[in-house]
Amino acid sequence: MKYLKKIILINIIAFGNILLSQDISIYDSIINKKFNYQLEFENIAAGNAFISIRENISEDTKTLKLKSKIKTNRFVDFFYKIRDEININMNFDDFSLIEVINKIREGKYKKNHHAKVDMELMEIIANDKKQSISNKIYSPLSIIFSLRSKILKSDDTYNYKVYSSGKLKDIDISVIGKENIRTPYGVYEAIVLSPKSIDGKSAMNNKGDMKIWLTNDQKRLPLKIEIKLKHGSILLLLDEIE
């Protein structure tokens, strides 16, 4: 009996160490990293983008700072110029939203947006207007990194409350399969995820759809992001990690 208890104890410790190493791997693979992407629009080289995540400590509180930029090249600029910049402050533990600053420049469309989340008062404050919330909320970008800690089995669905450009939506993100995909970063087996709003409408404010490809390993690297727009699809393909 003592021998059996010893075996069980060893197995519990080993399992705990595996879980801990997975958590460390998940965070180490993204924090203080910059993900550089090549842009494609309808199979044409369209520019570049990046997403960076930095650890931030302020007043003894640890958060994550996410910054993203998308810039089309000169050729695509002639048809549809994009200069988007997004800055997000997120909770360290779950990537939920604390503050977001958007500077969107897409063709003739221009919009600046700044919002803060107050979890004590359970509200979002933007442009002196307040919206009540009932739970933690996420930005479309922060969801990508939150999903990395999930099990992500085939047909699994995860629900998020998403805030984007002043609007709140309930989003279901489904695991729709696995694919072997090639990006400039390499060839990997990837888990494919697709978000849909609860009301059946598009999850994106631009009335397009979105897909996300994460590497099917402990790191869950965001290999590929597809955004379907009215006039075609934009692909972000991972090129390098700094």
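The values are calculated or read from the model by the stated rules, or taken from the named source; none is laboratory data. Only a predicted model underlies this, so the values are computations on that prediction, with no experimental measurement involved. Cβ: placed from backbone, ideal geometry, glycine included. Neighbour counts: every protein chain shown.
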query: Which of the residues spanning segment 107-166 are closer than 23 Å to Ile30 by Cα and loosely packed, with under 14 Cβ neighbours inside 10 Å?
result: Ile151, Lys153, Asn159
Residue, modelled with the lowest pLDDT, within segment 155-168, restricted to residues that are of a type outside the set (Val, Ile, Thr) and in a strand (DSSP E or B): Ser164
- line: Over segment 32-69, the set of residues more than 17 Å from the chain's Cα centre (by Cα) and hydroxyl-bearing (Ser, Thr, Tyr) is Ser58, Thr61
query: Which of the following residues is without any contact (Cβ under 8 Å) to a residue 12 or more places away in the chain and of a type in the set (D, E, K, R): Asp93, Asp84?
result: Asp93
message: Filter segment 220-241 down to the residues that are outside any strand (DSSP E or B) and either outside the structural domain of Glu40 (by TED's automatic domain parsing) or within 16 Å of Ile181 (Cα to Cα) (or both) and list them by number.
response: Arg220, Leu221
query: So is Ile86 in contact with a Phe, Trp or Tyr (Cβ under 9 Å, 6 or more places away or on another chain) and either outside any loop (DSSP other than H, G, I, E, B) or of a type in the set (Ser, Thr, Tyr) (or both) or not?
result: no
task: Would you mind stating whether Glu85 is surrounded by 14 or more Cβ atoms within 10 Å (Cβ to Cβ), at pLDDT 95 or above and not hydrophobic (A, V, I, L, M, F, W, C)?
output: yes
- prompt: Out of segment 116-128, which residues are at pLDDT below 90 and more than 13 Å from Ser165 (Cβ to Cβ)?
  reply: Asp128
